[in-house]
Amino acid sequence: MLVQRVITALILIPLVVLGVLYLPNLVLAVVFGAIVLLAGIEWARLAQIDSIGGRTAFLTSLALCLCGLGWWHQLAPEKSWWISAVAALWWIFVLIHLIRYRPAAENVRKPWIKGFYGLLVLVPAWSSLIVIHGMEHDGPVLVLFLLVLIWVADSGAYFTGSRWGRNKLAPFISPGKSWEGVYGALVGAVVCGLVLVWYRPETGPPLMLVVFCILIAVISVVGDLFESLLKRQAAIKDSGTILPGHGGVLDRIDSLTAAAPLFLVGLSL
């Protein structure tokens, strides 16, 4: 599994880096939109929207939301970050729900509610990345920095948790995740924060930037746990099989969906 993960990463990472740095904003919006639609297919599975008509309606709604937001970005780019602010509040709600979550005996399907959750997760994440990428000063580099921050935090959590994980983070949701893995993610976030201080000191005071990166890493864990909860309720291990060693598209962007809106809000503030 580790070999598959590494090979897939070695193929995908250069493509992502080149796309983020060199594709025009509109082209990148289309590429990211296609990725979000692939993630939407997997989300419909997690939400247990079983009928063809139901999945078609969900994906159509997702596509219309992306198109509508893309149009709004063109009309009022300076106001686009408000979408991310609303999404950040949503993720705070998710965090509270995860803390209070206990397995219940009642039916947890609720496919259309979970479908609506999918719109709240996927659409603002796409919007946030496109707005950041379109910023006048270092937009593409900031998107790349966010991606690297998530990759480093995820890798730190994976290897630290695999090596030293003892204390379960959320046993009712994802028994494999540990507090030690979270600590590894936070260490990676501190390193990324120091890199941001060195590369772009005008972004803010050093301590604030490091704390900011730590907060991004924490909220990325929330995004990961939320997808884990949906997978557990749907009784599936991975959201898909399109990425060998990594599972589905959602399995790779679950942390990013939570982190991107907060990252944009932080930059805007």
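Secondary-structure-derived ellipticity at 222 nm for the chain, considering helices only, amounts to -27000 deg cm²/dmol, per-run term -39500 (n - 2.57) for DSSP H runs with n ≥ 4. The ellipsoid equivalent to the alpha-carbon distribution of the chain has semi-axes of 26, 24, 18 angstrom, derived from the gyration tensor eigenvalues as √(5λ) and listed largest first. Starting from the Cα gyration tensor of the range 1-154, take the square roots of the eigenvalues, sort them a ≥ b ≥ c, and report rounded, prolate or oblate (rounded when a/c is under 1.5, otherwise prolate if a/b is larger than b/c, else oblate). Since a/c reaches 1.5 and a/b is larger than b/c, the shape of the range 1-154 is classed as prolate.
For the chain, relative contact order (Cα pairs under 8 Å, six or more residues apart, normalised by length) works out to 26 percent.
For Phe263, Phe32, which order do you get if you count the other beta carbons within 10 Å of each Cβ and list the fewest first?
So the residues, fewest neighbours to most, are Phe32, Phe263.
Candidate cross-link partners of Lys231 among the aspartates and glutamates, defined by an alpha-carbon separation under 13 Å and a same-chain spacing of 8 or more, comprise Glu42, Asp251, Asp254. The ranking of Phe116, Phe58 by Cβ neighbour count inside 10 Å, starting from the fewest, reads Phe116, Phe58. The ranking of Glu180, Glu78, Glu136 by Cβ neighbour count inside 10 Å, starting from the fewest, reads Glu136, Glu78, Glu180.
Magnitude of the charge dipole for the chain, about its Cα centre and with charges confined to Cβ atoms of Lys, Arg (+1) and Asp, Glu (-1), is about 840 debye. Within the shell defined by Cβ-Cβ distances under 14 Å, the residues around Ile11 carry a net charge of +2, with Lys and Arg each +1 and Asp and Glu each -1.
Where a number appears in this text, it was derived from the coordinates with a stated rule and is not lab data. Please read these numbers as outputs of a predicted model, since none were measured by experiment. Backbone-built Cβ (ideal geometry, glycine too); neighbour counts: all protein chains shown.
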